[in-house]
Amino acid sequence: KQSDVPKNKETHTGSLIEQLTTEKYECMVCCEVVRIVAPVWSCQNCYHVFHLNCIKKWARSPASQAEDGNGGWRCPACQNASTQVPSTYTCFCGKVHNPEWNRNEIPHSCGELCGKRRQCLDCPHLCNILCHPGPCPSCPAFVTKTCECGRTSHSVRCGQSTAIHCSNVCGNTLNCGKHSCTQVCHAGKCSPCQLAVQQVCYCGSNFKDVLCGTKEEFSDGFGSFSCQKICGKKLNCGRHNCTQVCHPQPCQLCPRLPQVVYRCPCGQTPLSKLLELGCIERKLCTDPIPSCGKTCGKPLSCGSYEFIHTCESLCHEGDCRPCSRTSNIYCRCGFKKKVSSCFVLFSLVIAAITFMCDKRCNKKRSCGRHKCNEICCVDTEHKCSLVCGRKLNCGLHRCEEPCHRGSCQTCWQTSFDELTCYCGESVIYPPIPCGTQPPECKKMCTRPHECDHPVYHSCHSEEKCPPCTYLTQKWCMGKHEVTSFIFSIVGEGKERTGKQRTQQGFGTSEMRRAKNDSSSETVIERKSKNESGELICNQSFALHPSCFMLFFRIAAISIATKLTDLQLGDSVEISRLITKKEMKQARLQCDEECLALQRNRRLAEALQIDDNSDPFNVRSSGPKYSDLLKEDARKDLKFVSDIEKEMRMLVEAVNKGKHTKKSHCYPPMNRDHRRIIHELAQVYGIESVSYDNEPKRNVVITAVKGKSVCPSNTLTSVLDKEMQSRPPPPIPHYKQTDKSIGNNGLPKSLKEEPVIDYFDVQD
């Protein structure tokens with residue numbers, strides 16, 4: 001572990017020399033000691049020393065790359081970015097490559113003068129000590145420097161960073177060019193002049209106070225700014241006033257002077273031509289301007305861009321009168337227009353010319369939740385003026401900000417009262433943000449309980465305590481036996497009991513199988529509860545061995561529909577899940593397969609053979625397709641053929657490829673087709689899982705390398721062989737008078753019983 005960086009340059013350099021000489025300095029990359037003969041590299045920014053090989057590996061590693069996008073690598077210590085990767089071993093001053101170690105010199109140095117330029121910008125002297133690690137010490141030379149105002153000189157150390165100030169007044173000219181700086185000797189530029197002066201506008205009607213040196217618009221020797229009002233000064237004619245906005249002097253010539261006006265008022269005819277026709281020559285600016293007698297033709301403010309209206313009066317002085325045509329007026333949003341007389345428009349105020357249509361704006365407001373709904377809207381931002389009103393994170397207050405996008409801010413309400421748990425042991429001190437939950441407490445709950453049993457739960461903020469978990473004993477309903485290890489749960493004035501046993505079956509019902517030596521039937525013993533929570537006595541019933549496996553399949557399918565209740569800790573009664581109709585379907589007769597399984601089981605028990613072993617090579621002799629699967633395949637042979645083809649391709653691909661697993665997703669299909677895929681997947685050793693909800697529920701199959709195999713005989717080939725070996729069935733003859741015979745001579749199909757999918761458990 002390296003020591004802290006010293007406060008000054010001298011001690012920093014001395015510390016590095018001491019640690020490198022005594023071999024106590026560690027490389028930050030490999031955390032190994034830097035030996036005096038090992039090649040090293042030193043960062044010129046932080047002066048940390050690293051092994052040369054370590055810094056090469058670090059510079060090429062992805063973790064060292066700079067994040068500024070300019071390339072390069074970062075120093076492990078100071079994170080300073082460099083573009084060049086070090087490749088050679090040099091001394092600290094960089095003059096000698098591969099310096100040899102000398103007992104009388106600093107390790108990794110050349111023993112010559114350093115000669116590097118110091119970091120201080122205004123120091124012209126080079127480092128005058130021997131080649132060394134760390135920063136160069138301050139320059140020992142003395143130089144003469146002037147103060148900030150430049151009036152006095154002082155002798156100081158070269159490279160001294162502190163500024164020199166004298167006690168004289170600055171006296172430099174300020175930005176206004178009229179006044180001098182009154183501050184004592186200071187660094188940098190002088191502050192702007194703070195004296196206030198009064199400026200007058202160009203027309204001389206307005207004044208304003210500004211700081212001395214404030215930039216003027218333009219000075220004409222009288223005024224300095226424009227007041228944006230009509231000038232009103234007398235023109236050179238002495239009869240008319242200036243009509244321009246306040247401007248620098250001088251004003252323009254009178255626009256009615258005879259030497260200025262050369263044409264008639266409409267501008268179509270020169271005055272010289274009118275003088276030839278007998279018009280009186282103008283002498284003064286007040287004399288009328290002769291008219292040419294033609295139509296004025298000046299463009300008017302009415303009309304449109306496509307059709308501009310012009311003045312219909314004869315050549316005249318002054319403003320033109322309104323025309324007798326009509327103009328189109330658009331509403332303020334531009335959606336509708338109406339036709340109006342130009343004379344009416346000319347007499348109306350400009351604000352009254354526009355009108356509003358009845359179109360409502362359908363654009364979203366800035367909040368993204370509400371529509372604008374303004375009539376004839378001209379707004380471009382569509383800011384929402386409603387209050388947000390959504391509940392804040394505390395759940396107690398609502399957002400009072402204008403309706404906005406995104407999440408609301410946290411509640412700004414704060415409580416200055418202490419927040420404690422129920423018993424008062426845990427405390428949160430104010431200020432407490434609104435919505436803060438009471439603190440957690442590890443003490444036992446001190447609330448009053450309905451039972452006298454010991455309390456095993458901690459202090460809580462909920463008003464209702466959790467159920468009592470004290471273990472007790474209870475009689476069954478018939479007072480026949482006492483059951484131990486019963487949870488005593490008190491709630492709503494009723495006492496309920498629930499079993500806790502090491503071996504549990506479905507819910508709280510305990511099922512076990514007991515074999516009779518004298519019979520092949522299986523006895524299921526069940527203990528359960530009634531609605532009042534009392535235990536019911538033992539009840540036994542017999543199942544045929546061939547039906548026992550089917551019974552469990554029915555129970556598994558039924559319990560799968562109650563998974564939500566099981567996850568919440570409730571119990572499920574199996575006898576209520578299986579209907580009488582399902583029990584009738586479970587009453588099946590033993591077939592040859594059942595007898596073979598029973599015989600093999602007895603033989604395996606006698607020979608002490610594990611159920612998972614296959615000593616007679618029965619399982620590997622060939623695929624075994626169930627009768628139900630064969631019956632479904634005969635109904636849709638093309639579908640089964642396509643499924644088997646895809647499964648064979650998937651198994652061959654995973655066994656020949658380098659991947660251990662490959663999956664295939666089937667499109668959504670009905671329950672019968674999914675059951676066929678699940679059964680075929682078991683034959684091929686493929687994992688199959690159903691996803692999504694109806695009607696988009698689909699099956700995904702996954703082949704595992706070494707586990708999934710292709711059977712020797714496919715289901716379609718087995719069905720073809722059976723069809724070839726089976727004789728054609730005789731054609732039955734039915735009497736037409738039989739009520740069970742249809743119009744086509746065939747018996748009417750009986751009402752089909754609902755088929756339970758025992759193999760689509762994944763659904």
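When Val200 is tested against (1) under 25 Å from Pro248 (Cα atoms); (2) in contact with a Cys (Cβ under 7 Å, 6 or more places away or on another chain); (3) open to solvent by less than 40 Å² (accessible area, probe 1.4 Å), just one condition goes unmet, and that condition is (2). Does segment 105-121 include one or more residues that are on the phi > 0 side of the Ramachandran plot and of a type in the set (S, T, N, Q)? No: zero hits. I need the full set of residues from segment 9-53 which are open to solvent by 70 Å² or more (accessible area, probe 1.4 Å), outside any helix (DSSP H, G or I) and touching a residue at least 12 places away in the same chain (Cβ under 8 Å), in order please. Of everything in segment 9-53, those that are open to solvent by 70 Å² or more (accessible area, probe 1.4 Å), outside any helix (DSSP H, G or I) and touching a residue at least 12 places away in the same chain (Cβ under 8 Å) turn out to be Met28, Glu32, Arg35, Val37, Asn45. Screening Cys264, Cys315, Cys302, Cys311 for residues that are touching a His at 6+ places or on another chain (Cβ under 6 Å) and over 30 Å from Ser180 (Cα atoms) leaves exactly one candidate, Cys302.
Scanning segment 392-403 for residues that are open to solvent by 40 Å² or more (accessible area, probe 1.4 Å) and touching a Gly at 6+ places or on another chain (Cβ under 9 Å) turns up Asn393, Leu396, His397, Arg398, Glu400.
A search for C-beta distances below 8 Å between a residue of segment 262-274 that is within 8 Å of Cys292 (Cα to Cα) and any residue that is in a helix (DSSP H, G or I), counting only pairs 6+ apart in sequence or on different chains, returns Cys264/Leu271; Cys264/Leu274.
Picking from residues in segment 275-306 that are charged (D, E, K, R) and farther than 17 Å from Pro258 by Cβ, the one that is farthest from the chain's Cα centre (by Cα) is Lys294. Condition first: surrounded by 14 or more Cβ atoms within 10 Å (Cβ to Cβ) and aromatic (Phe, Trp, Tyr). Now tell me which residues in segment 436-482 satisfy that. The one that is surrounded by 14 or more Cβ atoms within 10 Å (Cβ to Cβ) and aromatic (Phe, Trp, Tyr): Tyr470. Step by step: first the residues of segment 411-435, then only those that are out of contact with any strand residue (DSSP E or B) (no Cβ under 7 Å at 6 or more places or on another chain) and hydroxyl-bearing (Ser, Thr, Tyr), then the one that is surrounded by the fewest Cβ atoms within 10 Å (Cβ to Cβ). Which residue is that? Among residues in segment 411-435 that are out of contact with any strand residue (DSSP E or B) (no Cβ under 7 Å at 6 or more places or on another chain) and hydroxyl-bearing (Ser, Thr, Tyr), the one surrounded by the fewest Cβ atoms within 10 Å (Cβ to Cβ) is Tyr429.
The values are calculated or read from the model by the stated rules, or taken from the named source; none is laboratory data. Note that the coordinates shown come from a computational prediction; the quantities given were computed from them, not determined experimentally. In this analysis, Cβ positions are derived from the backbone assuming ideal geometry, glycine residues included, and neighbour counts consider all displayed protein chains. Each accessible area value is taken on the protein alone, full model and side chains, heavy atoms only, with ligands, DNA and RNA left out. Shrake-Rupley method; radii C 1.70, N 1.55, O 1.52, S 1.80 Å.
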